[in-house]
Amino acid sequence: MTAGTSLIQGTTTPPDGTTTAEHELAALQREHGGPLFALLLRLCDGDRQRAEDLVQETLVRAWQHPEALHADGFDSVRPWLLTVARRLAIDARRARQARPPEVGDAVPEDARVSTDHAERAAAMLDVREAVKTLTPEHRDVLILVYFLGASVAEAAQTLGIPPGTVKSRAYYGLRALRRVLPGYAADLR
């Protein structure tokens with residue numbers, strides 16, 4: 001390559017270091033950038049960032065195909081640029097539809113939130129220790145109803161006491177736990 005010749009065949013490097021192709025590309029941007037952006041903004045449903053990216057991609061395509069810019073059959077290069085821009089927008093839309101939607105940083109409302117296993121294990125130990133401080137009658141009712149999932153009637157039958165007594169002991173047992181576990185009060189309601 002000789003001094004003054006750029007990588008693009010037939011372009012020369014002016015004294016300021018820029019190539020003729022760069023000047024042509026800047027001129028294309030000035031002359032056709034506005035209409036290209038307006039078209040792409042509509043095709044991108046108002047997404048300015050995506051429209052700007054596609055304008056740049058359109059201009060890169062023009063730079064890659066200088067023969068299209070200098071074709072004798074065209075009065076203006078704008079129809080070619082608009083066609084390329086429209087096709088790029090269609091391709092981009094198809095690519096977005098082919099992959100799952102992006103979620104970003106927001107947590108979906110229906111997502112299960114899992115707590116830290118260490119915190120959960122510590123909470124379980126705290127509750128076990130607190131349950132040990134209850135009277136045997138309250139402890140038996142809470143273990144049957146809350147930890148083993150028995151109904152009031154099943155707990156009453158197992159313990160041989162009336163259902164009203166099961167309810168009463170469960171109430172007073174939870175109340176005693178709230179006093180022993182103040183940081184967990186919201187979870188025990």
statement: The helices (runs of 4 or more DSSP H) lying entirely within the range 15-106 that contain at least 3 residues which are modelled with pLDDT of 85 or more and surrounded by 14 or more Cβ atoms within 10 Å (Cβ to Cβ) are 20-43, 48-64, 78-98
message: I need the full set of residues from the range 143-169 which are within 47 Å of the chain's Cα centre (by Cα), loosely packed, with under 13 Cβ neighbours inside 10 Å and on the phi < 0 side of the Ramachandran plot, in order please.
response: 147, 148, 151
field: Flag if residue 141 is assigned to a helix (DSSP H, G or I) and either at pLDDT 90 or above or more than 26 Å from residue 182 (Cα to Cα) (or both)
entry: yes
query: Do we have residue 120 as open to solvent by 80 Å² or more (accessible area, probe 1.4 Å), basic (Lys, Arg), at pLDDT below 80 and in a loop (DSSP other than H, G, I, E, B) here?
result: no
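The values are calculated or read from the model by the stated rules, or taken from the named source; none is laboratory data. Everything numeric here is computed off the predicted structure, so don't read it as measured data. Neighbour counts run over all protein chains shown; Cβ positions are idealised from the backbone, glycine included. Protein only, heavy atoms only, side chains kept; ligands, DNA and RNA dropped before computing areas. Shrake-Rupley method; radii C 1.70, N 1.55, O 1.52, S 1.80 Å.
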